[in-house]
Amino acid sequence: MLKGRRILIGVSGGIAAYKVCEVVSSLAKAGADVKVIVTDAAGEFVTPLTFATLSRHPAFTDKDFWQANNGRPLHIQLGEWAEVFVIAPLTANTLAKLAGGFADNLLTNTVLASNCPILLAPAMNTDMWEQPAVAGNWREVLTYRRYHAANPGAGMLACDRAGVGRMAEPGEILAHIESLLHTKGDRDLAGKRVLISAGGTREHLDPVRFIGNPSSGKMGIALAQAALHRGATVTLVHSITGELALSGVRTIALTSAEEMRQEMLQCFPDADLTVMAAAVADVKPTDYHSQKLPKRSLPNSLPLTPVADILAELGKLKQPHQKIIGFAAQTGDIVKPALEKLRSKKLDVIVANPIDKIGAGFGSDTNQAILINAAGKQVEIAPCSKLEMAHRLFDFVMEG
Ligand code: CTP
């Protein structure tokens, strides 16, 4: 998704500039063509040399802007060159300039001299972020189609305050860049409410022992990111145990299949599109012990009870305006059992997932699949990142 793609990074002056080094480094390592503009204030935090070294290109400053370069003006060249422009961190000052259309340095002139999508990643102290003037400028810029938000998260800030204003994590920014390269900034899910389930449920025997599966939830996270970046309002119902950085997504954490069933039934009526990517247990221990069982009391065989099939229940409740997508984790022949699941659970689309292939399925960063819709149309997706798989799936669903 990133190889050879032209990405322009504008760094304005905030402490989060140090995190942008990781973004630039990751992009360059993935084979992207990365150029960086460093404002004077940003240069006080991280030197242009750092960005130049990480990006394998000269990093541009206002000194370059004011220098005759015997060619076309620098801001025009950079503006025409970029496929995606990222401003990270976005300070209150640069935000105000964007809202007002001001152009008093290389960064803001390049904004006006470009037409590509621009990803904005604000970072500032909570009081600054909540000032009516700053909040107003943020609302204002987001009314312009070319600006996309990498919303700030909440957490401990460099000013020793805990609150909103922390720049989106480098991983979130990288995913958003990949999304914008795929969509070219199109928001085809704007106005749609997307409900996604992710992770493997755990069915406990006692507080420490459970029946589970190796699902990492990465496919569900990629789906949530892709839907968010395409303009949807996203709810992620999940049983992911690791840290989850997903600014802008409503997340509901839980453990068991029954808890997931309750949440999915609660959220489903409001959803236009539901994607059931969770690996839900099929059975649970018949008895639950609220205290840890001593080893000597563990049974030799474990009585099991089936758990409800959430997707099949949602399929029965589906209204004409709603679409449901399921996953079929298969080994061996993947199409026939996936088609049976599509029909029996009344789905619109199923993702037939060969989990026995290297680089596909549980825990992997990549995936491969055959997408099948209710009309029988099939599209094979070769191994790719889970984010790309998520976009290819939404493309398939939106094409009908
Ligand atoms: N699913 C569900 N509730 C369950 C089991 C599965 O909602 N209790 C959903 C999964 O999230 C997935 C789809 O049903 O979207 C298919 O899941 P899969 O495990 O492949 O198939 P099963 O229907 O469980 O059938 P089998 O295990 O026999 O292959």
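The values are calculated or read from the model by the stated rules, or taken from the named source; none is laboratory data. All of these numbers come straight from a predicted model, not from anything done at the bench. Positions of Cβ are generated from backbone atoms using ideal geometry, with glycine treated the same way; all protein chains shown enter the neighbour counts. Ligands, DNA and RNA are excluded from the accessible area calculation, which covers all protein heavy atoms including side chains. Shrake-Rupley method; radii C 1.70, N 1.55, O 1.52, S 1.80 Å.
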Where does helix 17-29 land angle-wise versus the long Cα axis of the chain, in degrees 0 to 90, nearest 10?
70 degrees
Report, in debye and to the nearest 20, how large the dipole of the chain comes out about its Cα centre when Lys and Arg carry +1 and Asp and Glu carry -1 on their Cβ.
620 debye
For the range 246-358, report the accessible area per residue in Å² (1.4 Å probe, heavy atoms, rounded to an integer).
56 Å²
So, by mean Cβ neighbours within 10 angstrom, what's the order for 362-370, 165-173, 212-220 with the highest one leading?
165-173, 212-220, 362-370
Given a 1.4 Å probe and the protein chains all in place, what does the accessible area of F45 round to, in Å² to the nearest 10?
100 Å²
Report, in degrees rounded to the nearest 10, the 0 to 90 angle that the Cα long axis of helix 335-344 makes with the longest principal axis of the chain.
80 degrees
How high is the FRET efficiency from R139 to A162, r the C-beta distance, R0 35 Å, rounded to 0.05?
0.90
The chain, helix-only ellipticity at 222 nm - DSSP H runs n ≥ 4, -39,500 (n - 2.57), divided by all residues, nearest 500
-10000 deg cm²/dmol
Could you sort Y18, Y144 by their accessible area in this structure, using a 1.4 Å probe and putting the largest first?
Y18, Y144
Relative contact order, percent, of the chain when contacts are C-alpha pairs under 8 Å separated by at least 6 residues?
11 percent
Exceeding 22 Å between C-alpha atoms, which entries from my cross-link table qualify? They are K3/K35; K316/K341; K316/K357; K218/K345.
K316/K357; K218/K345
Sum of side-chain charges, A154 neighbourhood, beta-carbon under 15 Å (Lys, Arg +1; Asp, Glu -1):
-3
Debye intensity ratio I(q)/I(0), log10, the chain, q values 0.06, 0.10, 0.12, 0.14 Å⁻¹ (C-alpha model):
-0.28, -0.73, -0.97, -1.18
Could the peptides 9-16, 243-250 be put in order, highest first, of the mean number of other beta-carbon atoms found within 10 Å of their residues?
9-16, 243-250
Of all accessible heavy-atom area on the range 183-287, the percent that carbon and sulfur account for (1.4 Å)
45 percent
Quick one: helix 170-183 against the long Cα principal axis of the chain, what's the angle to the nearest 10°, folded into 0 to 90?
90 degrees
Could you order the peptides 233-242, 297-306 from most to least packed, using the average number of other C-beta atoms within 10 Å per residue?
233-242, 297-306
Can you give me the distance in nm between label points at E44 and I381, each placed 7 Å from the Cα along the Cα-to-Cβ direction?
4.5 nm
Solvent-accessible area per residue, Å², over the range 6-183 with all protein chains present [probe radius 1.4 Å]:
43 Å²
